[in-house]
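Working notes for the structure below.
The values are calculated or read from the model by the stated rules, or taken from the named source; none is laboratory data. Here the structure is a predicted model, which is why all the values come from computation and not from measurement. Cβ: placed from backbone, ideal geometry, glycine included. Neighbour counts: every protein chain shown.
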């Protein structure tokens, strides 16, 4: 069932009963537009402790080959936990307003 | 649990769920599944975690997941585990699977207590994780048996003549210890090493296990969302929510380096704002006295440490 | 047709025997009079190693159905049993089991609902969950209880709807009868192996079962259940046909007893149908054209088929062993009236509410119903409902 389709399926085409087959289909729902602030990664300061990865409630911290790569802004809700938990002195993550970020003046 | 290994695996609780920004329950779900791994079947009671993560046709769970009703995740997970036992015995199935039930404090302390108790008594090989945000959050912050004394909730509000909940909370962790199950623990959101190691430890034990995780809720407790983890840790540091585990009846308590006054914890949360009124000082004192007394009682349960050799 | 053993079994023992032959993966149950023996006897089979079933002695009926839902969702063949207050306590989960389309089998021993608390037979408990989305099959006697349990498994797994098989509390559940049972191998072959396409223990096809439906999906999912219930009628008939080949006993959606030329008929379910057959034989010997229509399947309700069977009658009596407390009639009468209306039939119909709380229904009382019917056909006016057997 293609849930990206604008028109929702009727009872004849919907798979039988209240079952969702296939895990993680929530990824089709982008919660990134909930943000009023977004985290920005400062790689020079980052020690790759991955604390932000461990605590992000929305699995929005991207890690590749053991290194913190940045944020998945499709899902990040801008809660700021990553910044708050970052153990580095002076922080390797800063929060900026979404408006500013969109305008490009980060 | 090795973080470097965990980051390589696929997310078992994905983004795209509708939890509030900074939701502690989502953190609990993610961290528990990181420790448990993909060979896990999850049952969740009705509540915040279930509702935000499974709005048809979206599911944030990348493991088999079942929700049936509110008060019965204990009984429901027993059904899943019983079928597994049956199939293993009949030779119809051959794979190691973890069975984890999630319930909020609502679905665990109160309406779900019976089915939890029955599940623990029957000795099923399950882990029950209570994500305890100290109120019925999903229906709008009503008081539960887990709500601390003095907290403002919508059914025990702080007003002109009443100052929030008047009863101290139920000690469900000790009720679970009294069931004499092989493993019971308390953990918080904000200490991932502690929580994940407790989950790993539990899953390595055969039989019923229970972990009570204090889960700060930015909406119901009223605080800035980025401090979710900090507030969780503060609960441990003030002994509001001691970190401990009971393995086969033997207590092991994590003692804070410096026991902080409960006021530090209360001041961070809007649900206790009314307690800063001078006329409410007796309530503050009662809260501190209760925490101190509970802490002493708990400490006494730990076996005496062997004296250090001179 | 397979060879069968003739044995003496009470209704509960007959159902337990069927369960033993079915050998489900899990039975999760809680005791309540008069259903207790079903699972008690089954527990002794477990203790003696006669079945492979994992028996879960839950701490309440609500947990019984919850555990059944867990086991069934995980992929197993699952059964349980209860009555009255137990069914009431698990009612929330009964509806949920149907909504989740899990093929759970419930042995429902009919007992009156409180208040007042009463442990004896009436149909109020089964009627309480008539809108739950379960197939409901009423057994007249222990033989039917046995046969219905075996068929229920196939019906549930094919239609993907849970099925409850009911027997009258104490009257049938505890009454010893002569029944014929299939040998174990034949019974096992009849129910077959359960192979669900989707189940929780299948890690190759990860499922989320029981998601919340907002306004945009609930209706569609419920429509699917409504369709499945409609289609289950043909499933029930197919399974009955197959069972007839296996056991030589015929079942359908309802049974007609001496209806071919009947002018007056009683519609009754459960054990009372058996008593009525005895009364009919007596009256027929006197030359009265009387008959019985015994609904076997109450859900899905075979409305049009029943209406067709009533066409030639002069008057009809519907016996209800429960009260819908709507100020007018019992639940079976409501269904029959709707059936007649929808088929353009306007028959004089009297509803008799009887036997509540195990009040015995006597043959003389059933005879009096038939004489009422002949009076009505001659033009006598009667109240639309009579509470038969109550003391004024």
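General remarks:
- Residue match in the range C:268-286 (condition: surrounded by fewer than 18 Cβ atoms within 10 Å (Cβ to Cβ), within 30 Å of residue B:59 (Cβ to Cβ) and away from chain B (no Cβ under 14 Å)): no
- Some residue of the range C:208-226 being surrounded by 14 or more Cβ atoms within 10 Å (Cβ to Cβ), under 23 Å from residue C:333 (Cα atoms) and either within 14 Å of chain B (Cβ to nearest Cβ) or touching a strand residue (DSSP E or B) at 6+ places or on another chain (Cβ under 8 Å) (or both): no
- Selection count, the range C:144-178, where residues are assigned to a helix (DSSP H, G or I), more than 22 Å from residue C:96 (Cα to Cα) and in contact with a helix residue (DSSP H, G or I) (Cβ under 7 Å, 6 or more places away or on another chain): 5
- Qualifying residue in the range A:33-48 (condition: in contact (Cβ under 8 Å) with a residue 24 or more places away in the chain, surrounded by 17 or more Cβ atoms within 10 Å (Cβ to Cβ), within 7 Å of chain B (Cβ to nearest Cβ) and closer than 20 Å to residue B:189 by Cβ): no
- Residue list for the range B:148-170, restricted to those being closer than 30 Å to residue B:30 by Cα and without any contact (Cβ under 8 Å) to a residue 24 or more places away in the chain: B:154
- The set of residues from the range B:173-193 being under 22 Å from residue B:294 (Cα atoms), more than 13 Å from the chain's Cα centre (by Cα) and not in a loop (DSSP other than H, G, I, E, B) comprises B:174, B:175, B:177, B:178, B:183.
- Residues satisfying the stated conditions in the range B:278-301, i.e. surrounded by fewer than 11 Cβ atoms within 10 Å (Cβ to Cβ) and closer than 17 Å to residue B:236 by Cβ: B:296
- Members of the range C:13-38 that are more than 14 Å from chain B (Cβ to nearest Cβ), over 21 Å from residue C:155 (Cβ atoms) and crowded, with 24+ Cβ neighbours inside 10 Å: C:34
- From the options B:135, B:101, residue that is within 11 Å of another protein chain (Cβ to nearest Cβ), buried (at least 24 other Cβ atoms within 10 Å of the Cβ), farther than 26 Å from residue C:195 by Cβ and at pLDDT 95 or above: B:101
- Condition check for residue C:351 on (1) touching a strand residue (DSSP E or B) at 6+ places or on another chain (Cβ under 8 Å); (2) over 26 Å from residue C:261 (Cα atoms); (3) not in a loop (DSSP other than H, G, I, E, B): one failure, at (2).
- Within the range B:77-96, tally of residues that are surrounded by fewer than 24 Cβ atoms within 10 Å (Cβ to Cβ) and either part of a helix (DSSP H, G or I) or facing chain C (nearest Cβ under 7 Å) (or both): 6
- Residue list for the range B:52-70, filter: more than 7 Å from chain C (Cβ to nearest Cβ), crowded, with 24+ Cβ neighbours inside 10 Å and not in a helix (DSSP H, G or I): B:57, B:60
- Some residue of the range C:99-119 being part of a helix (DSSP H, G or I) and out of contact with any strand residue (DSSP E or B) (no Cβ under 6 Å at 6 or more places or on another chain): yes
- For the residues C:193, C:235, the requirement of being within 28 Å of the chain's Cα centre (by Cα), at pLDDT 95 or above and outside any helix (DSSP H, G or I) singles out C:193.
- The set of residues from the range A:72-106 being farther than 12 Å from residue A:40 by Cβ, modelled with pLDDT of 95 or more and assigned to a helix (DSSP H, G or I) comprises A:81, A:84, A:85.
- When residues in the range C:329-345 are screened for being out of contact with any helix residue (DSSP H, G or I) (no Cβ under 8 Å at 6 or more places or on another chain) and surrounded by fewer than 21 Cβ atoms within 10 Å (Cβ to Cβ), 4 of them pass.
- Where residue B:17 falls short, out of the listed (1) more than 8 Å from chain A (Cβ to nearest Cβ); (2) out of contact with any strand residue (DSSP E or B) (no Cβ under 7 Å at 6 or more places or on another chain): (1)
- Residue tally, condition buried (at least 24 other Cβ atoms within 10 Å of the Cβ) and out of contact with any helix residue (DSSP H, G or I) (no Cβ under 6 Å at 6 or more places or on another chain), over the range B:37-51: 3
- Qualifying residue in the range C:173-190 (condition: on the phi > 0 side of the Ramachandran plot and either surrounded by 16 or more Cβ atoms within 10 Å (Cβ to Cβ) or modelled with pLDDT under 95 (or both)): no
- Of the strands (runs of 3 or more DSSP E) that lie entirely inside the range C:1-81, those containing 3 or more residues that are within 30 Å of residue B:67 (Cα to Cα) span C:26-28, C:54-56.
- Every condition in (1) at the interface with another protein chain (Cβ under 7 Å from one of its Cβ atoms); (2) assigned to a loop (DSSP other than H, G, I, E, B); (3) without any contact (Cβ under 8 Å) to a residue 24 or more places away in the chain holds for residue B:11 except the one numbered (3).
- Residues that are surrounded by fewer than 16 Cβ atoms within 10 Å (Cβ to Cβ) and in contact with a helix residue (DSSP H, G or I) (Cβ under 6 Å, 6 or more places away or on another chain), drawn from the range C:346-381: C:363
- Complete set of residues in the range C:67-94 that are within 11 Å of chain B (Cβ to nearest Cβ) and farther than 24 Å from residue C:117 by Cβ: C:67, C:68, C:69, C:70, C:71, C:72, C:73, C:74, C:75, C:76, C:77, C:78
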